[in-house]
Structure formats: structure tokens, C-alpha cells
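What follows is a single structure, written as C-alpha cells, with notes after it.
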Amino acid sequence: MIAQAHPRLLRAVFAASLLAAGLAAASAQAADKSVSILEPKNGATVTSPFKVKFGVKGMTVHPANEIVEGTGHHHLLINQGPIKAGEPIPMDDTHLHYGKGQTEAEVTLPPGKYKLTAQFANGAHQSYGPAMAKTINITVK
């Protein structure tokens, strides 16, 4: 009886190990995707206009209007937080779209303190969610 149970136990342990390895790989792959604001740095004081430089890791920048797996484009949210995954990014003065595939832009803001959020989205301007967003704080003189 023990000899029969033993192979089943080994198969169960092997199956559990494969599942755990697959979940770890998927988690690591998701962790390898990120967006960043390379410039200005968090906490910087800038004068207007100033350059915003975006970075992305694990995905490719691609112009809007075409949904291509593993690609997207940048948006800059002013005094806004990340947008929930799958939701469209509004088009207004506080949600700037870079749908031509731009990786940097000149931004003009009046003096004050600002929260800037880079949000990556697909070709239909649907957010990839907080996992593909990065927020910094700056002061404009």
C-alpha cells in the first residue's frame, strides 16, 4: 500500500512544483514590466517649460490607434493618480497623450507643486493600470 501511495505522492509534489515555478515565472515577468519618469527627478524644482522624459521596461513604445500585444504609449497625468487597468484615459488638460509614440515632451505649467504620473496604455488609450504607472512630485518656479 505504501509503495502505491508513494508514486502518487511524488506525482503530486512534482505537479505542485511545476505550478509554483510557473506562477513564479509569471510573477517575475510581470515584475519586469515598468514605466518611469527619467526626467525630471522626483523632488526636483524646475522652470517652465521643462522636459519630461519617459522610460519603459518589458514593453515596446508603439503609436496609438493600433493594439499590438506587448506595446503601448505614454500619458502624463497632472495631479492625478494611476488609472485602473482597462479604463480609457481621458483627454483633457490634466491627461496629456503621447499617442505618436513620443518618449519625451516639453511641458508648461504655472508655478506650484505638482504630482506627475506617467501612465502607459494600449493603442486604444486603455490604461495598463497602476503596475504600469509611476508618480513623482516636482515644484515649478
- Do you know which residues across region 117-141 are over 17 Å from Glu69 (Cα atoms) and part of a helix (DSSP H, G or I)? Pro130
- Filtering region 118-138 down to residues that are closer than 13 Å to Glu39 by Cα and surrounded by fewer than 19 Cβ atoms within 10 Å (Cβ to Cβ), which residue is nearest to the chain's Cα centre (by Cα)? Thr135
- Item | Leu109 vs. criteria in a strand (DSSP E or B) and of a type outside the set (Ser, Thr, Tyr) | no
- Task: Within region 62-74, track down each residue that is among the β-branched types (Val, Ile, Thr) and surrounded by fewer than 17 Cβ atoms within 10 Å (Cβ to Cβ).
- Result: Ile67, Val68
- Item | Residue in region 94-106 that is surrounded by the most Cβ atoms within 10 Å (Cβ to Cβ), counting only those that are in a strand (DSSP E or B) and in contact (Cβ under 8 Å) with a residue 40 or more places away in the chain | Tyr98
- Which one of these is surrounded by 15 or more Cβ atoms within 10 Å (Cβ to Cβ), assigned by TED's automatic domain parsing to the domain that holds Ala64 and over 19 Å from Glu39 (Cβ atoms): Pro82, Pro90? Pro82
- Within region 107-117, considering residues that are over 14 Å from the mean Cα position of the chain (by Cα) and surrounded by 12 or more Cβ atoms within 10 Å (Cβ to Cβ), the one farthest from Lys134 (Cα to Cα): Leu109
- Message: With the requirement that a residue be under 19 Å from Leu109 (Cβ atoms) and in a loop (DSSP other than H, G, I, E, B), what does region 37-88 give you?
- Response: Pro40, Lys41, Asn42, Gly43, Ala44, Thr47, Ser48, Pro49, Asn79, Gln80, Gly81
- Answer residue from region 18-44, given it is exposed (fewer than 11 other Cβ atoms within 10 Å of the Cβ) and at pLDDT 95 or above and is nearest to Phe120 (Cα to Cα) among those: Lys41
- Task: State whether one or more residues within region 9-17 are β-branched (Val, Ile, Thr) and at pLDDT 95 or above.
- Result: no
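The values are calculated or read from the model by the stated rules, or taken from the named source; none is laboratory data. Nothing here was measured: the structure is a model prediction, and the numbers come from that model. Counting neighbours? That spans all protein chains shown, and the Cβs are built from the backbone with ideal geometry, glycine included.
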